Amino acid sequence: MKKKILFFLGVVFGKWILKFLYGTSRWHIEGDGQIEKLRAEGRSIIFAIWHGNLLPGYMYVADKQPYGVAGKHGDAEIISRIAIKLG
């Protein structure tokens, strides 16, 4: 029961927590011009992001209708649901 409650809270509040963390942090993105050039050409881009860098990587592309792949672990389900809420 406790696990279900934590899962629910993570999904419900996760979006707002991530937006707060991203909005109050400083990020330096290398190669941003190259990424935008590829997007303008209509080319696909693959980002490989590990857990510790998930927030800045995903938030950078959240408004660009990304597709994501996640594992089968319970944490991946929470992350997937939050990503859907973010866009």
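Just so it is clear, none of the values below were taken in a lab; they were calculated from the coordinates. Every value quoted in this text rests on a predicted model; they were computed, and no experiment measured them. For neighbour counting, all protein chains shown are included, and Cβ atoms are generated from backbone atoms with ideal geometry for every residue, glycine included.
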Please check: in the Gaussian network model of the chain (C-alpha springs, under 10 Å), which one of 49, 35, 17 has the largest mean-square fluctuation.
35
Connecting C-alpha atoms closer than 10 Å in a GNM of the chain, tell me which of 21, 54, 38 has the biggest fluctuation.
38
With n ≥ 4 as the cut-off for DSSP H runs, can you work out [θ] at 222 nm for the chain, using -39500 (n - 2.57) per run divided by the number of residues, rounded to the nearest 500?
-19000 deg cm²/dmol
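If the only charges are +1 at each Lys and Arg Cβ and -1 at each Asp and Glu Cβ, what is the size of the charge dipole of the chain around the Cα centre, to the nearest 20 debye? Display every interim value, and only then the final one.
On the way: 13 positive and 7 negative charges, 93 e Å.
Here the chain has a charge dipole of around 440 debye.
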Can you tell me the 0 to 90 degree angle between the C-alpha axis of helix 2-23 and the longest principal axis of the chain, rounded to 10?
30 degrees
Viscosity 1.002 mPa s, temperature 20 °C: what is the translational diffusion coefficient of the chain from Stokes-Einstein with a Kirkwood Rh over Cα pairs, rounded to a whole number of µm²/s?
149 µm²/s
Note, ³J(HN,Hα) from phi for the stretch 25-34, Karplus 6.51, -1.76, 1.60, rounded to Hz, x at Gly and Pro
10, 9, 10, 10, 10, 8, x, 4, x, 5
